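The values are calculated or read from the model by the stated rules, or taken from the named source; none is laboratory data. These figures come from a predicted structure and were not determined experimentally. FYI the Cβ positions are ideal-geometry reconstructions off the backbone, even for glycines, and counts take in every protein chain you see.
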């Protein structure tokens, strides 16, 4: 198989929700000496973005998004050791602490964003789900992070993102860190409204 065929196989595996197909294609990436960053950038990322767009247009539903995310995770799990090795030779873009806000136990979106950040050269610290606002800031301090990223899948938990902004202001941390917010009910207007 050519490099292009292997990259296409990664994409198709995500688009057909086929974990095993993605896993096999990821192994072929390594066997053929293809840069794992390239495989993620040109194979996995465009496919998961397409899945996200289909989800936004309601052409597919949450189970499809979940299956695609699991397929992507399967591919990244194969590529990650090589990614970490090649990462040592690349300049880090920065350090991100990421988690799902308190009251929300969904990790799909957070995990996808983590993979994309890693692929882009960021060091990522996963705080998990149901993370209190003070824990985001404590972790950023402890890890000497550049960015705090807070995910919320449910509309009633996105208010915790606003609480995070307010908490960061109250402890003098808002100017110290860049803040990313995301999730199903989150859009650019919301991010602007809360000052993220």
Practice prompt. Pick out the one residue from 149, 120, 191 that is over 27 Å from residue 67 (Cα atoms) and either surrounded by fewer than 19 Cβ atoms within 10 Å (Cβ to Cβ) or modelled with pLDDT of 95 or more (or both).
Written response: 191
Worksheet item: Does residue 126 meet the test of being modelled with pLDDT of 95 or more, farther than 20 Å from residue 170 by Cβ and over 16 Å from the mean Cα position of the chain (by Cα)?
Response: no
Discussion item. Checking the conditions here, which among 11, 23 is modelled with pLDDT of 90 or more, closer than 18 Å to residue 115 by Cβ and within 18 Å of the chain's Cα centre (by Cα)?
Written reply: 11
Response to the item:
Counted residues in segment 45-76 being surrounded by 14 or more Cβ atoms within 10 Å (Cβ to Cβ) and within 17 Å of residue 114 (Cβ to Cβ) come to 15
Worksheet item: Under the condition of being surrounded by 18 or more Cβ atoms within 10 Å (Cβ to Cβ) and either in contact with a helix residue (DSSP H, G or I) (Cβ under 6 Å, 6 or more places away or on another chain) or at pLDDT 90 or above (or both), which residue from segment 92-111 is farthest from residue 166 (Cα to Cα)?
Response: 108
Worksheet item: Before we move on, is residue 177 touching a strand residue (DSSP E or B) at 6+ places or on another chain (Cβ under 6 Å) and touching a residue at least 12 places away in the same chain (Cβ under 8 Å)?
Response: yes
Worksheet item: In segment 175-194, which residue that is under 21 Å from the mean Cα position of the chain (by Cα) and assigned to a loop (DSSP other than H, G, I, E, B) is nearest to residue 100 (Cα to Cα)?
Response: 183
Worksheet item: Quick one: in segment 154-174, which of the residues that are touching a helix residue (DSSP H, G or I) at 6+ places or on another chain (Cβ under 9 Å) and part of a loop (DSSP other than H, G, I, E, B) is surrounded by the most Cβ atoms within 10 Å (Cβ to Cβ)?
Response: 158
